[in-house]
Amino acid sequence: SIDQIAVYPGTFKKVDFNFNVSNEAGFGGNSIVVKGSYQKSDGTIVPVILRSDFNQKVQLPIANGGITVDANSTITLTIVLDIQLWISNIDLSGAVLTNNEIIIDKTVNSDLLNLFEANLVSSIEVED
């Protein structure tokens, strides 16, 4: 959830965005929680939950060459994160099952979490 932010007039091509670890309901000390399902080769559907405590500041490009803000104006900016880029090469067929679900976090299937976070970093600009 992002609130109103005061900026000076001009054209902006990128937005700074922080992934912050949260203890709010559903996050449990993580910044990213992805829930979905995986269909095994035998047709069985397995729930998947990925939890990441990725905690970095990133720069995201603004589509269509940027956005222009005039003096004393209000604009709406929607940030869309393409999670498909972050999971596209993750093979869940060999993932360890826990209580008939695939959990991906620091303690279970951590190799898949590392791949997810590497994909995330390669698809956006992480600030030093």
Inset, instruction - Please verify whether segment 44-51 includes one or more residues that are modelled with pLDDT under 85 and open to solvent by 80 Å² or more (accessible area, probe 1.4 Å). - result: no
Inset, instruction - Tell me, yes or no, whether segment 83-96 has at least one residue that is surrounded by 13 or more Cβ atoms within 10 Å (Cβ to Cβ) and touching a Ser or Thr at 6+ places or on another chain (Cβ under 9 Å). - result: yes
Legend entry - Among (1) under 15 Å from the mean Cα position of the chain (by Cα); (2) surrounded by 15 or more Cβ atoms within 10 Å (Cβ to Cβ); (3) within 17 Å of VAL33 (Cβ to Cβ) - the single one ILE103 does not satisfy: (1)
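Per-residue answers, yes or no, for (1) closer than 30 Å to VAL96 by Cβ; (2) in contact with a strand residue (DSSP E or B) (Cβ under 6 Å, 6 or more places away or on another chain); (3) not hydrophobic (A, V, I, L, M, F, W, C):
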site: PRO9; (1), (2), (3): no, yes, yes
site: ASN23; (1), (2), (3): yes, no, yes
site: ILE32; (1), (2), (3): yes, yes, no
site: LYS35; (1), (2), (3): yes, yes, yes
site: ILE45; (1), (2), (3): yes, yes, no
site: LEU77; (1), (2), (3): no, no, no
Legend entry - Flag if ASN55 is within 30 Å of LYS14 (Cα to Cα) and either open to solvent by 60 Å² or more (accessible area, probe 1.4 Å) or of a type in the set (Phe, Trp, Tyr) (or both): yes
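The values are calculated or read from the model by the stated rules, or taken from the named source; none is laboratory data. No experiment lies behind these values; they were computed from the predicted model shown. Cβ: placed from backbone, ideal geometry, glycine included. Neighbour counts: every protein chain shown. Please note that ligands, DNA and RNA were not included when accessible areas were found on the heavy atoms of the full protein model with its side chains. Shrake-Rupley method; radii C 1.70, N 1.55, O 1.52, S 1.80 Å.
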